[in-house]
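Asker: Here it is, the structure in full.
The values are calculated or read from the model by the stated rules, or taken from the named source; none is laboratory data. Quick caveat, the model's predicted, so the values are computed rather than measured. Note that we place each Cβ from the backbone using ideal geometry, even for glycine, and neighbour counts take in every protein chain shown. What goes into the accessible areas is simple: the full protein's heavy atoms, side chains included, and nothing from ligands, DNA or RNA. Shrake-Rupley method; radii C 1.70, N 1.55, O 1.52, S 1.80 Å.
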Amino acid sequence: MALASSVMVPYAAYLRVYEPLAAFPEPERSHWARYAKRETTPTAQDELRRSLADLLPTPPVAVPVHESSDAFVAVVDGVTCVCPWRTRLRGWQALEELPERLPGPVLDAALPPVVRRQAAADYERWLDRNPDARPWIRTATWHVPVRWFVLFDDAEREYTKGDQGLVLRYRTPMVEARRRVARGLRTLRDALEEGPLIDGLVDVGRWLEEFHPRALVELDYGGLVHAVPEGQLAEDRSAAEVAEGLVALREGDGERAGVAYEKLSDRWREIRERQYAS
């Protein structure tokens, strides 16, 4: 998705929503129906390669000129669901976050201010015409936000090694994801003061409400599988640790909740530190 979201995207995790075709209005529904019938559809690696190609021009392309017509496809209980890439929209959103991620001189060298200002102006005009737009994919670099794990159960964890290499992901029905968010928020609010963890989970819950109730929610470790030793990845049970911490909080066992949180924090701190060693 162009430079704005490609700066660190090789080591990114993704939270995706796949919606049934019935969730889309025409003519988009027909487009995705035809798209899903293709013999092959692009993979996450294909999306990454396309986004990195935008680094080649001078000056680099901050955000694609046209929106992507591609999507990820999944079949859930016989129902075809799609997760549109919306590369252009995600590029604009990532562009807004770059000043928080990169030092000013580095950002200016990679993406000149005049290019960023033009992209921001284009986004503002586009939002005026599309005020309800939202992405089907959220991205996190060099970590998986703790709040994302609240949506999943350890039994939904998939760890495989195939033609596309290592894959670590969780998938759950939208109804389960929403139920876990609501229950997690009740637990956190009963046990903790308002803060980033609660605010972040509220934000995720509001985002999920934008989608069809029969959608599929996926957490994909994406490029993080290349940043973590395979043995450590195989032993990663982050969703189970988050669930254990929430159970402990509900039972009033702060010590057990602290142990679960510390174990989770230590793992992701070590992974985050790898970005500075690269």
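Asker: Quick one: is Leu127 more than 18 Å from the chain's Cα centre (by Cα), among the aliphatic types (A, V, I, L, M), in a helix (DSSP H, G or I) and within 28 Å of Gln275 (Cα to Cα)?
Answerer: Values: more than 18 Å from the chain's Cα centre (by Cα): yes; among the aliphatic types (A, V, I, L, M): yes; in a helix (DSSP H, G or I): yes; within 28 Å of Gln275 (Cα to Cα): no.
Here the answer is no, as Leu127 does not meet what is asked.
Asker: Applying the selection to region 135-145, what residues are open to solvent by less than 20 Å² (accessible area, probe 1.4 Å), over 17 Å from Val63 (Cα atoms) and part of a loop (DSSP other than H, G, I, E, B)?
Answerer: Those that are open to solvent by less than 20 Å² (accessible area, probe 1.4 Å), over 17 Å from Val63 (Cα atoms) and part of a loop (DSSP other than H, G, I, E, B): Trp136, Trp142, Val144, Pro145.
Asker: Continuing with this model, one more query. Residues in region 30-39 that are more than 12 Å from Pro84 (Cβ to Cβ) and surrounded by 13 or more Cβ atoms within 10 Å (Cβ to Cβ): how many?
Answerer: First, pick out the residues of region 30-39 that are more than 12 Å from Pro84 (Cβ to Cβ): 30, 33-34, 37-39.
Among the residues that remain, those that are also surrounded by 13 or more Cβ atoms within 10 Å (Cβ to Cβ) are: 33.
Count: 1.
Asker: Within the group Asp132, Asp122, Asp108, which residue is of a type outside the set (Gly, Ala, Ser), closer than 24 Å to Glu67 by Cα and open to solvent by 50 Å² or more (accessible area, probe 1.4 Å)? Don't jump to the end; show me each part of the working.
Answerer: Details: Asp122 fails: open to solvent by 50 Å² or more (accessible area, probe 1.4 Å); Asp108 fails: closer than 24 Å to Glu67 by Cα.
On inspection, the qualifying residue turns out to be Asp132.
Asker: May I ask you to list the residues in region 211-234 that are modelled with pLDDT of 90 or more, farther than 16 Å from Ala182 by Cβ and more than 15 Å from the chain's Cα centre (by Cα)?
Answerer: Correct list: His212, Arg214, Ala215.
Asker: Scanning for something free of Cβ contacts under 8 Å to residues at least 40 places away in the same chain and open to solvent by less than 50 Å² (accessible area, probe 1.4 Å), does region 217-225 turn up at least one residue?
Answerer: Initially, region 217-225 is screened for residues free of Cβ contacts under 8 Å to residues at least 40 places away in the same chain, giving none.
Within region 217-225, not a single residue is free of Cβ contacts under 8 Å to residues at least 40 places away in the same chain and open to solvent by less than 50 Å² (accessible area, probe 1.4 Å).
Asker: Among the helices (runs of 4 or more DSSP H) contained in region 162-278, which hold 3 or more residues that are charged (D, E, K, R) and within 26 Å of Arg101 (Cβ to Cβ)?
Answerer: The helices (runs of 4 or more DSSP H) meeting that bar are 196-208, 254-277.
Asker: Of all residues in region 233-277, count the ones that are among the polar types (S, T, N, Q) and in contact (Cβ under 8 Å) with a residue 12 or more places away in the chain.
Answerer: Residues of region 233-277 among the polar types (S, T, N, Q): 238, 265, 275.
Imposing the further condition that a residue be in contact (Cβ under 8 Å) with a residue 12 or more places away in the chain reduces the set to 238, 275.
Matching residues across region 233-277 total 2.
Asker: Can you pull out every residue in region 94-103 that is open to solvent by less than 40 Å² (accessible area, probe 1.4 Å) and part of a helix (DSSP H, G or I)? Steps first, please.
Answerer: Keep residues of region 94-103 that are open to solvent by less than 40 Å² (accessible area, probe 1.4 Å), which gives 94-95, 98, 102.
Within region 94-103, Ala94, Leu95, Leu98 qualify.
Asker: Being out of contact with any helix residue (DSSP H, G or I) (no Cβ under 6 Å at 6 or more places or on another chain), among the aromatic types (Phe, Trp, Tyr) and under 25 Å from Asp220 (Cα atoms) is the filter here, so list the residues in region 99-151 that pass it.
Answerer: Listed by number, the residues that qualify are Trp136, Trp148.
Asker: Hey, another quick one. Would you say Val82 is among the hydrophobic types (A, V, I, L, M, F, W, C) and touching a helix residue (DSSP H, G or I) at 6+ places or on another chain (Cβ under 9 Å)?
Answerer: Values: among the hydrophobic types (A, V, I, L, M, F, W, C): yes; touching a helix residue (DSSP H, G or I) at 6+ places or on another chain (Cβ under 9 Å): yes.
Yes; evaluated as a whole, the condition is true for this residue.
Asker: For region 195-242, how many residues are touching a Leu at 6+ places or on another chain (Cβ under 9 Å) and closer than 19 Å to Arg134 by Cβ?
Answerer: Of the residues in region 195-242, 11 are touching a Leu at 6+ places or on another chain (Cβ under 9 Å) and closer than 19 Å to Arg134 by Cβ.
Asker: A further question on this structure: With respect to Val106, determine if the residue is closer than 22 Å to Trp85 by Cβ, of a type in the set (Val, Ile, Thr) and not in a strand (DSSP E or B). Spell out how you get there, then give the answer.
Answerer: Numbers: closer than 22 Å to Trp85 by Cβ: no; of a type in the set (Val, Ile, Thr): yes; not in a strand (DSSP E or B): yes.
It is false that Val106 is closer than 22 Å to Trp85 by Cβ, of a type in the set (Val, Ile, Thr) and not in a strand (DSSP E or B).
Asker: Quick check on region 148-195: of everything there that is open to solvent by 50 Å² or more (accessible area, probe 1.4 Å) and under 18 Å from Trp268 (Cβ atoms), which residue is nearest to the chain's Cα centre (by Cα)?
Answerer: So the residue we want is Arg169.
Asker: Going by what's in this entry, would Ala239 be described as in contact with a Phe, Trp or Tyr (Cβ under 6 Å, 6 or more places away or on another chain), at pLDDT below 90 and hydrophobic (A, V, I, L, M, F, W, C)?
Answerer: Values: in contact with a Phe, Trp or Tyr (Cβ under 6 Å, 6 or more places away or on another chain): yes; at pLDDT below 90: no; hydrophobic (A, V, I, L, M, F, W, C): yes.
So Ala239 fails the test.
Asker: Applying the selection to region 245-258, what residues are farther than 21 Å from Leu151 by Cβ and open to solvent by less than 90 Å² (accessible area, probe 1.4 Å)? I'd like the intermediate steps shown before the answer.
Answerer: Residues of region 245-258 that are farther than 21 Å from Leu151 by Cβ, as a first pass: 251-256, 258.
Scanning region 245-258 gives Gly252, Asp253, Gly254, Arg256, Gly258.
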